[in-house]
Amino acid sequence: MSEKILWIDDEIDLLKPHIVFLEKKGYQVTPLNNVNEALELMDSEKFALVLIDENMPGISGLEAIPMIKEKDNSLKIVMVTKSEEEHIMEEAIGSQIADYILKPVNPNQILLSLKKNLQEDNLVEQKTILQYQQEFRNLSMELSYLRTHQEWAEYYKKIVNWELKFDKVTDNEFADLLQSQKEEANIQFAKFIENNYEDWLQGSDKPMMSHTLFKEKVKPEVEKDKVLLLMVDNLRYDQWKVVEPLFTKYYNKVSEDYYYSILPTATQYARNSFFAGLMPSEIEKRFPEKWFNDNEEGNKNEYERDFLEDQMKRIGLGSRSMKYLKVLNADFERKIYDDFNQHKNNDLLVIVYNFIDILSHAKTDNHIVDQLIRDDKTFRSLTLNWFENSSLLKIIKLAAESGFKLVITTDHGTVYVKKPSKVVGDRETSTNIRYKTGKSLTYDDSDVWAITNPEKLFLPKGNLSSKYIFAKNNIFLAYPKNYNHFVNYYKETYQHGGISLEECIIPFTVLEPK
């Protein structure tokens, strides 16, 4: 069906050749020479776009814009003007016009504006699908040749970039095809981790990891400038790319890198490791009274500040002033904003921001949130919406004004789980859905990576015969007891602790104030 265009111009009769040109291109044009008739017609007819002359006798184009918007706020308006005066442009743009064209106009100018405003989404969608069709084979072939942690990180970034492009595409068939490619990649990635993870911990061609990141990347920044370190719990690379423009309003990006979360990709292991600069078994040995194993009672992330202070002393930052703040609710977030002047003189200001982790768990426990987050696309969208309306951005603005360099990272990612795998364990077995540790575990070898000697991976042992298992791809671990209820409860929720691209390869970005 052709798009209906309303064209309002007091000299509309002189524009007949332009109207004929547009009609030959498939547009249905209704010409009128005054605003009053146009407003009356809009009561009975729907239009896709209005072309309107800026300077007309009676009601001018500028004066007509709010009247037209009152009739239909979603209607796109393109203003035709002979004036380039700044105040006229500002007034028109402030009135939410979609575009403006300078006189004298030619038909191709108008056609380009119509295409941009009425067909942009379709053109972008068609181009995205065509590009992906061309890239599909390359992605499939490249998967067979990935050998290093750098290659895997770059491959994952390519997958994420396509996911973000498909967020704007309504053709789910191709988005589903991309998801299939990512699932195949995760199967191969788990094999890669199994074959290389232990060697990394022994020092063989290792990537940056949780326990090395602060010393390797944050320390040099603190030595040069005062730093706001923002640790956003559970922030995946795709979520970072969605919210990044919010932060670059106030900051310029200096560098963007990645690092690998240690296993388990769970907060009590990965985040404690980041702040301590040690692997979990090393933390347990150094701080026996402050480390709690999975089967022990206690707040397992209560001593992050102590771990960080200890690391700073060990690596030569003991003389630097540091403030550690953990945001668990919106009230405390607002309090940090209100009290920011009390914190701005520290060399290192650390803010741990738990919103995304809370949101991912809320999908499991809250029916309304479960309906809002239906897949990765909606998870990204809700993440963006939260950040846009959070006090955190106000804090970031104050930090930029106070001269803080900004370092943004996370402790691990999260994965959308779909397939259950049965696990049998005793009452001492940990309860996590993506990994388990215990002394009596029975499981499907094809679904997990089993570690019978945890000490080789620098993991604590609850007892002498403890082992760890890590779920692969989008598997989640379920007990046979009440199996169907358990599966229905956790299927298609976000979990972490296992092995997947989303959980393991996570962002680290350095920004400086504009």
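The values are calculated or read from the model by the stated rules, or taken from the named source; none is laboratory data. All of these numbers come straight from a predicted model, not from anything done at the bench. Methodologically, a virtual Cβ is constructed for each residue, glycine included, from the backbone with ideal geometry; neighbour enumeration extends over all protein chains shown.
Only one of (1) in a loop (DSSP other than H, G, I, E, B); (2) modelled with pLDDT under 95 is not met by residue 162, so which one is it?
Condition (1) is where residue 162 drops out.
In region 434-461, how many are in a loop (DSSP other than H, G, I, E, B), within 20 Å of residue 267 (Cβ to Cβ) and either in the same structural domain as residue 281 (by TED's automatic domain parsing) or touching a Gly at 6+ places or on another chain (Cβ under 7 Å) (or both)?
Total meeting the criteria: 1.
Checking the conditions here, which among 168, 182, 219, 253 is over 15 Å from residue 501 (Cα atoms), basic (Lys, Arg) and assigned by TED's automatic domain parsing to the domain that holds residue 131?
So the residue among 168, 182, 219, 253 that is over 15 Å from residue 501 (Cα atoms), basic (Lys, Arg) and assigned by TED's automatic domain parsing to the domain that holds residue 131 is 168.
Restricting the search to region 360-380, which residues are in contact (Cβ under 8 Å) with a residue 40 or more places away in the chain and within 16 Å of the chain's Cα centre (by Cα)?
360, 373, 375, 376, 377, 379, 380
Taking the condition of being charged (D, E, K, R), surrounded by fewer than 19 Cβ atoms within 10 Å (Cβ to Cβ) and modelled with pLDDT of 90 or more, how many residues in region 168-184 meet it?
Of the residues in that region, 2 qualify.
Hey, among the residues in region 419-445 that are over 27 Å from residue 212 (Cα atoms) and touching an Asp or Glu at 6+ places or on another chain (Cβ under 6 Å), which one's surrounded by the fewest Cβ atoms within 10 Å (Cβ to Cβ)? Working first, answer last.
Within region 419-445, the first condition is being over 27 Å from residue 212 (Cα atoms), and the residues that meet it are 419-429, 431, 438-445.
Next cut, touching an Asp or Glu at 6+ places or on another chain (Cβ under 6 Å) only: 421, 438, 440.
Details: 421: 16, 438: 22, 440: 13.
Ranking the qualifying residues of region 419-445, first place goes to 440.
Considering each of 325, 308, 317 in turn, give the residue that is among the hydrophobic types (A, V, I, L, M, F, W, C) and part of a strand (DSSP E or B).
Answer to the check: 325.
In region 238-284, what count of residues is obtained for those that are surrounded by fewer than 23 Cβ atoms within 10 Å (Cβ to Cβ), free of Cβ contacts under 8 Å to residues at least 40 places away in the same chain and within 26 Å of residue 309 (Cβ to Cβ)?
Result for region 238-284: 1.
What about residue 512, is it touching a strand residue (DSSP E or B) at 6+ places or on another chain (Cβ under 6 Å), under 18 Å from residue 270 (Cβ atoms) and charged (D, E, K, R)?
No, not satisfied.
Counting only residues that are surrounded by fewer than 20 Cβ atoms within 10 Å (Cβ to Cβ) and of a type in the set (Gly, Ala, Ser), which one in region 2-48 is modelled with the lowest pLDDT?
2
Among the residues of region 465-472, is there at least one that is part of a loop (DSSP other than H, G, I, E, B) and polar (S, T, N, Q)? So that I can check it myself, show each step before the final result.
First, the residues of region 465-472 that are part of a loop (DSSP other than H, G, I, E, B): 465-466.
Restricting the remaining residues to those that are polar (S, T, N, Q) gives 465-466.
Yes, that holds for at least one residue.
Here is a check on your reading of the model: is residue 507 touching a residue at least 40 places away in the same chain (Cβ under 8 Å), over 23 Å from residue 357 (Cα atoms) and surrounded by fewer than 24 Cβ atoms within 10 Å (Cβ to Cβ)?
Numbers: touching a residue at least 40 places away in the same chain (Cβ under 8 Å): yes; over 23 Å from residue 357 (Cα atoms): no; surrounded by fewer than 24 Cβ atoms within 10 Å (Cβ to Cβ): yes.
Here the answer is no, as residue 507 does not meet what is asked.
Need the failing condition index for residue 198 against (1) surrounded by 18 or more Cβ atoms within 10 Å (Cβ to Cβ); (2) assigned to a helix (DSSP H, G or I); (3) in contact with a Leu (Cβ under 7 Å, 6 or more places away or on another chain), just the number.
Here residue 198 meets the rest and fails (1).
Out of 396, 451, which single residue is modelled with pLDDT of 95 or more and within 23 Å of the chain's Cα centre (by Cα)?
That would be 396, the only listed residue that is modelled with pLDDT of 95 or more and within 23 Å of the chain's Cα centre (by Cα).
What's the total number of residues in region 461-482 that are buried (at least 24 other Cβ atoms within 10 Å of the Cβ) and modelled with pLDDT under 85?
Residues that pass the stated criteria total 0.
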